1. Over the alpha-carbon set of the chain, divide Rg by the Kirkwood Rh and report the Rg/Rh ratio to two decimals.
2. Leaving out ligands and nucleic acids, note down the accessible area per residue over the chain with a 1.4 angstrom probe, in whole Å².
3. Using only the heavy atoms of the protein chains and a 1.4 Å probe, how would LEU166, LEU87 rank by accessible area, largest first?
4. Which ³J(HN,Hα) values, rounded to whole Hz and listed in residue order, are derived for segment 42-56 from phi using the Karplus coefficients 6.51, -1.76 and 1.60 in 6.51 cos²θ - 1.76 cosθ + 1.60 with θ = phi - 60°, glycine and proline given as x?
5. Just by accessible area at a 1.4 angstrom probe, what is the order of SER40, SER112, SER29 from largest to smallest?
6. Mind counting lysine pairs for me in the chain? Cα separation below 19 Å, and the two need to be 8 or more apart along the chain or on different chains.
7. At a Förster radius of 45 Å, what calculated FRET efficiency corresponds to the Cβ-Cβ distance of SER70 and LEU166, to the nearest 0.05?
8. Sorted by accessible area (1.4 Å probe), largest first, how do TRP172, TRP73 line up?
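The values are calculated or read from the model by the stated rules, or taken from the named source; none is laboratory data. Note that the coordinates shown come from a computational prediction; the quantities given were computed from them, not determined experimentally. Reconstructed Cβ throughout: ideal geometry from the backbone, glycine too, with neighbour counts over all protein chains shown. SASA here: full protein model, heavy atoms, side chains in, ligands and nucleic acids out. Shrake-Rupley method; radii C 1.70, N 1.55, O 1.52, S 1.80 Å.
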Amino acid sequence: MPNILAKRVSMIELFYDLVFTYMISQATSLIHHLQHGTISPVSFFIFAVIVIVFINSWMVQSVFTNRYRSSSWTNITFYFIDMMILLYMSNSFSNTSSKDLTTFFLAASLLSFTLFLQYLIVFFKSSNSNDKNISKAFCSILIFRTLALLVGGLSNTSLGRLVAFLEIIISWILPSFTGKYTKKTF
């Protein structure tokens, strides 16, 4: 068994995780109100989509942090920008209608874009081919997610929302195909 490198968790990472905890608690408000003793399928679907976006964003950021963590001003700045976007996102939905998700989709698109920028910086700065492959894979996933969420937010049509919903599911699954790069040692 290879030696496992222990990494200390920084205070900013802990605060970032706390913001995600807040977001999940906000998302549960979507399924808080029961209709005739049950949760409506539409409410549950909207809740699931929002939670998937949050968890997927957290996972993408966690891969980045665990792989490339440094206490550079660039990374700290991105953390704070992402936390502001996440706090805005967590207060951008109050209804379980897909028509009311425009603001959420636009904010999620912006979050995806900032995550894309972080990986893009690593791609250009790194000389390690494995790091380049990982960052290229995540850049592809994140730019796809950014554009699809942007379409969903700007179009405000059923087709635009469908594009955003499908992209959310696809971008949730795609990181599982990056294992050939991410499983390699640090």
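1. With Rg and the Kirkwood Rh in hand, the quotient comes to 1.00.
2. Per-residue value: 56 Å².
3. Highest to lowest solvent-accessible surface, that is LEU166, LEU87.
4. So the J values, rounded to whole Hz, are 5, 4, 5, 4, 4, 4, 4, 4, 5, 5, 4, 4, 4, 5, 5.
5. Working: SER40 25, SER112 0, SER29 60 Å².
Result of the area sort, largest leading: SER29, SER40, SER112.
6. 9
7. Between SER70 and LEU166 the formula returns 0.80.
8. TRP73, TRP172
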